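Structure incoming, see below.
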Amino acid sequence: IKDISYLYSGITFVVKNENTKKTNTYCAKNGIVDFVKDNVKQPLHKTIIHQVVTDGIDTVEIAFQWGAVKEQSYVFVNGLRCPEGGSPITGAKGALTRTFNSLAKSNFDGDSIRGNLFYVINCTVAEPSFANQTKSKINNTSLRTLSSNGFSDGLKEMKMRHPDEFETIVEMLKKIAKAEAAAEKARQQILNATKEIEK
């Protein structure tokens, strides 16, 4: 219920346990932006990026932020969570890698870019096509395109309106890449030393 409340901004959900008489109330005034805010406790930048994209039939709403978290994504289709993601995730990953590197004039690995990213994709679909009976994965190709456009537009807006925050992410990725290179060098040195001992 708490997750669902993020999908319908401003609507209050009240859950009452008839046995204990305990009541829980959930209301997200800012929708999925609050979802991100509530889950990223140590954000690396202040602004939560939020975009809504539509093709006139289907609509994709996205929100994302980098922070002290491991990559975590949520995909919802018509109020139903799809834990396996599907086409919206494919679109998001492609756009994040392609657009971020273009804006940063870099060549970061996609996994590194998303390594500390929390993102939510909320889809409203006229005719959803699920990959299985459990509806854990959505296949609509339109959602891949809309998601890709949303993340691409969001990154461009971040770079334009909040260049300092964008640069914070770039610098973080540079430090991670440098640390990974140093770790790989140390690993090779250990392997080479081991080979010498074995000789």
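The values are calculated or read from the model by the stated rules, or taken from the named source; none is laboratory data. Note that the structure is a prediction, hence the values are computed from the model and not measured. Neighbour counts run over all protein chains shown; Cβ positions are idealised from the backbone, glycine included. For the accessible areas, the whole protein counts, side chains as well, though only heavy atoms, and no ligand, DNA or RNA atoms are used. Shrake-Rupley method; radii C 1.70, N 1.55, O 1.52, S 1.80 Å.
Looking only at the stretch 173-186, filter to residues that are modelled with pLDDT under 85 and charged (D, E, K, R); which one of those is nearest to the chain's Cα centre (by Cα)?
Across the stretch 173-186, the extreme among qualifying residues is GLU180.
Now for a different question. Between residues in the stretch 14-36 that are in contact (Cβ under 8 Å) with a residue 40 or more places away in the chain and of a type in the set (Val, Ile, Thr) and residues that are open to solvent by 60 Å² or more (accessible area, probe 1.4 Å) and part of a loop (DSSP other than H, G, I, E, B), which pairs lie under 9 Å by C-beta distance while being six or more apart or on different chains?
ILE32/SER9
Here's a follow-up. Against the condition touching a residue at least 12 places away in the same chain (Cβ under 8 Å), open to solvent by less than 70 Å² (accessible area, probe 1.4 Å) and touching a Ser or Thr at 6+ places or on another chain (Cβ under 7 Å), how does LEU103 come out, does it pass? Before you say what the answer is, go through the steps one by one.
Details: touching a residue at least 12 places away in the same chain (Cβ under 8 Å): yes; open to solvent by less than 70 Å² (accessible area, probe 1.4 Å): yes; touching a Ser or Thr at 6+ places or on another chain (Cβ under 7 Å): no.
So LEU103 does not fit the description; no.
Here is a yes/no grid of residues against (1) at pLDDT 95 or above; (2) of a type outside the set (A, V, I, L, M, F, W, C); (3) in contact with a strand residue (DSSP E or B) (Cβ under 6 Å, 6 or more places away or on another chain); (4) under 22 Å from GLU171 (Cα atoms):
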| residue | (1), (2), (3), (4) |
| --- | --- |
| TRP66 | yes, no, yes, yes |
| TYR74 | yes, yes, yes, no |
| PHE108 | no, no, no, yes |
| SER112 | no, yes, no, yes |
| THR124 | yes, yes, yes, no |
| ILE138 | yes, no, yes, no |
| ASP153 | yes, yes, yes, yes |
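For the stretch 1-34, give me the residue count where each residue is assigned to a loop (DSSP other than H, G, I, E, B) and under 18 Å from ASN122 (Cα atoms).
12
Quick one: which of THR141, THR134, THR54 is touching a Leu at 6+ places or on another chain (Cβ under 8 Å), open to solvent by 50 Å² or more (accessible area, probe 1.4 Å) and polar (S, T, N, Q)?
THR54
Sticking with this one: More than 17 Å from GLU61 (Cα to Cα) and in contact (Cβ under 8 Å) with a residue 40 or more places away in the chain: which single residue out of THR97, THR134, THR168, THR141 fits that description?
Working: THR97 fails: in contact (Cβ under 8 Å) with a residue 40 or more places away in the chain; THR134 fails: in contact (Cβ under 8 Å) with a residue 40 or more places away in the chain; THR141 fails: more than 17 Å from GLU61 (Cα to Cα).
Answer to the selection: THR168.
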